[in-house]
């Protein structure tokens, strides 16, 4: 039966490759032309709608649409549709000045009125803009947008950089306010679509910025990571995103493929119910952390040892990662972990499982099947915690069970892949996860006033040194209190055609920087 299942899987992959070769054949033929101006991209993301609040992220990455504010590779605010902005001394009035030559893909100019209309609409849609205390959005001049706040909020530019706040032409909307055409202002315009799997882009004749070397783009969604790896190896696409650990390892050793990688603002975390009678003191949570062999998990499961998370965010998130030697690192020390639990009154039974006051130290660990590595990591944690004397039952279920367990109070432990780059600055996600009362994917029943207070301060602070100090203190408190325990970081692997130059991998996944890419002459 096992051999049959392998054979069936191989046949399924081969069939998929045959059908995919028909879809990407034009790109394959063009790849032999070293002076070409086309690009083929394969990724796992499907587009089922043109609604920015749901699919804007891919059109932002592909440089089809722009937000009022952009970001650089370090996640700092940069010019987008607004070439600059000003803030009043009291922090309540923000003035954004638009690029004078910006035009939508239907040829109409980008005006302050059209930008204000888009932002007002985004306020009423699912997204992040409503997190800011916005009192009004208005057009003060043909190229000046004013946003008034009811209280200072220094993170406003980060919210405006989010994909749900991309700016589209008025003609993109029908009479009901629904998006029916993707008419952005970026260098590339949508010319053909077969949703949800594929679409084609071309250089917009209305783009007035630096002219890119890449003029045509074909995007194809492929769900299976193994199939994407085969496409990359056979050069049936020029850029291929996202692979399973085994395929990534194989591609790294393939001389015909160039691998570009970046550590994402995403972490596998162990979410704990800090109100649970077994988990409601910091020493027990520290013992759990000390029992985790992160290096073994990162090497054995992810095939990338450096993804062992010694703090919540990886080094690529430069503003939040704490690189100083004085910052305490998470590490493994089983002997110390056992001492911490012994001090709490836990004693091993005849089977090695700890007991206290007649209760067995037994917990349920809930995780998701969405990412195939999560159940494997959960099983590894089960084994590592047993060595500490804790019995863990692993439950693999759908993702809705984690927030449901948080709200009902029934969740004991959850293993989740937390994305801290919902907006380019992790502040917004941290604020959701560690505010008073915690969040569905973050802290649960954690009694701490310091971190919420610091998050409130950083939301209104504009002085860089003070912001850095608050970030340090927030990360230190999370490192010591461990309401969630970091396990591993995530890395985005991208397979690149050897002749494609200028490829950048954005750790915050805001842009693919296609306009910077060129084909080499050899």
Neighbour-count ranking for 331, 253 (other C-beta within 10 angstrom, fewest to most) reads 253, 331
How much FRET efficiency would the formula 1/(1 + (r/R0)^6) give for residue 518 and residue 253, where r is the Cβ-Cβ distance and R0 is 30 Å, rounded to 0.05? 0.65
To the nearest Å, what is the center-to-center distance of the range 155-179 and the range 245-313, using C-alpha atoms only? 35 Å
With a ≥ b ≥ c from the Cα gyration tensor eigenvalues, square-rooted, and the rule rounded for a/c under 1.5, otherwise prolate when a/b > b/c and oblate otherwise, the range 264-491 is prolate
Quantify how much of the Cα-Cα distance distribution of the range 157-204 extends past 15 Å, in percent. 56 percent
Can you tell me the orientation of helix 334-343 relative to the chain, as the angle in degrees between its alpha-carbon axis and the longest Cα principal axis, to the nearest 10? 60 degrees
Spatial separation of Cα centroids for the range 55-127 and the range 467-496, in angstrom: 28 Å
Can you give me the Cα centroid spacing of the range 378-394 and the range 414-456 in angstrom? 26 Å
Just to confirm the number: angle between the C-alpha axis of helix 2-30 and the first principal axis of the chain, 0 to 90 degrees, nearest 10? 20 degrees
Where Rh is the Kirkwood radius over the Cα pairs of the chain, the temperature 37 °C and the viscosity 0.692 mPa s, what D in µm²/s does Stokes-Einstein return? 132 µm²/s
State whether the range 136-283 is rounded, prolate or oblate according to the following rule on the C-alpha gyration tensor (a ≥ b ≥ c being the square roots of its eigenvalues): a/c under 1.5 gives rounded; otherwise a/b larger than b/c gives prolate, and the remaining case gives oblate. oblate
Relative contact order of the range 346-480: what whole-number percent is it, with Cα pairs under 8 angstrom and at least 6 residues apart? 17 percent
Label model pair residue 350, residue 277: point-to-point distance (7 angstrom along the Cα→beta-carbon line) in nm is 2.4 nm
Would you work out if the range 63-179 is rounded, prolate or oblate? Take a ≥ b ≥ c from the square roots of the eigenvalues of the alpha-carbon gyration tensor; rounded if a/c is under 1.5, else prolate when a/b is larger than b/c, oblate otherwise. rounded
Can you say what percent of the DSSP beta bridges in the range 264-491, counting only those with both residues inside, are antiparallel? Round to 5. 65 percent
Output the relative contact order of the chain, whole-number percent, from Cα pairs under 8 angstrom with separation of 6+ residues. 20 percent
May I ask you to derive the relative contact order of the range 111-200, considering only C-alpha pairs under 8 Å and at least 6 residues apart, and to give it as an integer percent? 23 percent
Could you put 131, 413 in order, starting from the residue whose Cβ has the fewest other Cβ atoms within 10 Å? 131, 413
Taking the 0 to 90 degree range and rounding to the nearest ten, how far is the long axis of helix 450-460 tilted relative to the main principal axis of the chain, both from C-alpha atoms? 10 degrees
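Laboratory data are not the source of any read-out in this text; all were calculated from the coordinates shown. Please read all numbers here as calculations on a predicted model, not as lab measurements. Neighbour counts are summed over all protein chains in view; Cβ atoms, including those assigned to glycine, are modelled from backbone coordinates with ideal geometry.
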